[in-house]
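What follows is calculated from the coordinates using simple rules that are stated; it is not laboratory data. Remember, it's a predicted structure, so these values are computed and weren't measured experimentally. No Cβ is skipped: glycine too gets one built from the backbone with ideal geometry, and neighbour counts run over all protein chains shown.
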Amino acid sequence: MKRRVFITLLGGAAASIASLSGRAQQSGQIRKVAVLMGYAEGDPAVQSYLAAFRGELAKLGWTDGSNLRIELRWGAADPDTINTFAKELIDLRPDAILGTTTIVIRALARETHTIPIVFAIVADPIGSGFVASLARPGGNITGFTNLDIALGGKWIGLLKEIAPHTVRAALLFNPTTAPQVQIYMPAIQAAATSFAVEVSAAPVHAKDEIEGAIAAEARNPGCGLIVMPDIFNRWNSDLIVALAARYGLPAIYYNRSFVESGGLIAYSDDFAEELRQAAGYIDRILRGSRAGELPIQQPTKFELMINLKTAKTLGLTIPSTLLATADEVIE
């Protein structure tokens with residue numbers, strides 16, 4: 001073999017070995033995923049959501065501390081804390097980010113237009129300006145929305161069914177943390193008209209305003225409470241449940257955790273399922289998919305929970321048809 005040919009073949013073999021070595025190193029690389037939860041770390045329900053996320057990642061081959069490093073922060077429903085952690089996590093230059101709640105995604109979106117973001121528990125990603133459309137998000141953001149405008153009508157119907165004397169429904173929310181409440185209004189108003197229920201807003205901006213708002217509604221005979229999807233309401237869930245009981249208001253909630261802590265009834269999509277699905281999108285992004293090409297997914301699984309003890313305290317008799325359709329009944 002001529003020396004020049006030999007050197008060429010040797011060089012090609014060396015390049016091939018280097019390429020294989022590079023790919024091997026890359027395949028063994030520890031990937032970094034940032035997670036910003038809008039809730040408090042001590043919230044048991046949210047811990048179960050996070051466990052669902054981690055569990056699904058593990059099924060897909062990603063283990064924290066092995067081939068994956070998760071940087072986790074808790075926003076505790078505080079805008080300043082969330083903004084601080086959003087900047088901190090972006091500075092870490094993760095391969096992908098998981099964020100929960102609208103306020104968290106808004107903070108993350110301000111900080112980066114390039115790092116892939118997967119969201120969960122966000123009601124109105126289009127109206128919030130996060131994505132261009134559900135089918136083709138574009139940009140660097142995609143995820144799983146809990147948007148189902150029909151839920152508004154369902155809350156009215158269930159409240160009327162469980163408390164037939166209801167003639168007025170007050171919507172409890174914080175306009176700062178839940179601007180998306182408006183998207184439920186058409187369905188709420190339509191259902192309210194059909195059930196002859198008057199709807200009113202009960203906006204609160206701080207924890208110390210909650211009791212005044214609930215007490216004011218309790219002075220109206222036949223009033224019930226709809227606790228709207230809102231991270232502020234979630235952060236103050238124990239207080240809201242206690243005040244609804246103190247003032248004798250039948251209330252329907254948007255999350256099972258309220259019923260587990262003594263609330264009357266809840267109807268919502270399955271948030272843990274959203275986090276499991278979000279893990280699937282994180283997996284696809286880590287394997288090369290572009291966030292903007294992954295369609296926004298809407299909820300497909302819903303759950304109804306009823307607290308019988310609270311119903312008895314309020315003097316309510318739960319219809320057998322409602323009990324039969326409940327996913328869980330707390331005795």
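Taking the Cα-to-Cβ direction at Thr84 and at Gln29 and moving 7 Å from each Cα, how far apart do the two end points lie in nm?
3.2
Scattering from the C-alpha atoms of region 34-138 alone, worked out with Debye: what is log10 I(q)/I(0) at q = 0.19, 0.21, 0.23, 0.25 1/Å?
-1.00, -1.20, -1.36, -1.46
Among residues other than Ser133 whose Cβ falls under 14 Å from its Cβ, what is the net charge (Lys/Arg +1, Asp/Glu -1)?
Residues near Ser133 contribute -1 overall.
Find out how many positive minus negative residues lie around Thr101, taking Lys and Arg as positive, Asp and Glu as negative, among other residues whose Cβ is under 10 Å from that of Thr101.
Computed value for this residue: +1.
Can you give the calculated 222 nm mean residue ellipticity of the chain, where each DSSP H run of n ≥ 4 adds -39,500 (n - 2.57) and the sum is split over every residue, rounded to the nearest 500 deg cm²/dmol?
Rounded to the nearest 500, the figure is -13000 deg cm²/dmol.
Over 22 Å between C-alpha atoms is what I'm after, so list which of Lys32/Lys87; Lys59/Lys87; Lys207/Lys301 land there.
With Cα atoms farther than 22 Å apart: Lys59/Lys87; Lys207/Lys301.
At 7 Å along Cα-to-Cβ for each site, give me the label-to-label distance between Asp208 and Ile330 in nm.
Placing both labels 7 Å beyond Cα along the Cβ direction yields 2.9 nm.
Using a basic spin-label model with each label point 7 Å from the Cα along Cα→Cβ, how many nm lie between Leu323 and Ser289?
Label-label distance for Leu323 and Ser289, simple model: 4.3 nm.
Arrange the peptides 98-105, 73-80 so that the one whose residues have, on average, the most other Cβ atoms within 10 Å appears first.
Ranked from most to least packed, the peptides come out as 98-105, 73-80.
As an exercise, use a Förster radius of 51 Å and the Cβ-Cβ distance of Arg136 and Thr313 to find the FRET efficiency, rounded to the nearest 0.05.
Step by step, r from the Cβ atoms, then E = 0.55.
To the nearest 20 debye, what is the magnitude of the charge dipole of region 145-251 about its Cα centre, counting +1 on the Cβ of each Lys and Arg and -1 on the Cβ of each Asp and Glu?
Its charge dipole is roughly 160 debye.
Grab the other residues whose beta carbon is less than 15 angstrom from that of Gly222, score K and R as +1, D and E as -1, and report the net.
0
Mind checking the angle between helix 271-286 and the chain's longest principal axis? C-alpha axes, 0 to 90 degrees, to the nearest 10.
Rounded to the nearest ten degrees, it is 20.
Against the longest alpha carbon principal axis of the chain, how many degrees, from 0 to 90 and to the nearest 10, is the axis of helix 3-27 turned?
20
May I ask you to compute the full-extension gain from Glu161 to Thr114, defined as 0.36 nm times their residue separation minus their alpha-carbon distance, rounded to one decimal in nm?
Difference between extended and current length: 12.1 nm.
To the nearest 0.05, what FRET efficiency results for Lys301 and Arg219 with a Förster distance of 56 Å applied to their C-beta separation?
0.90
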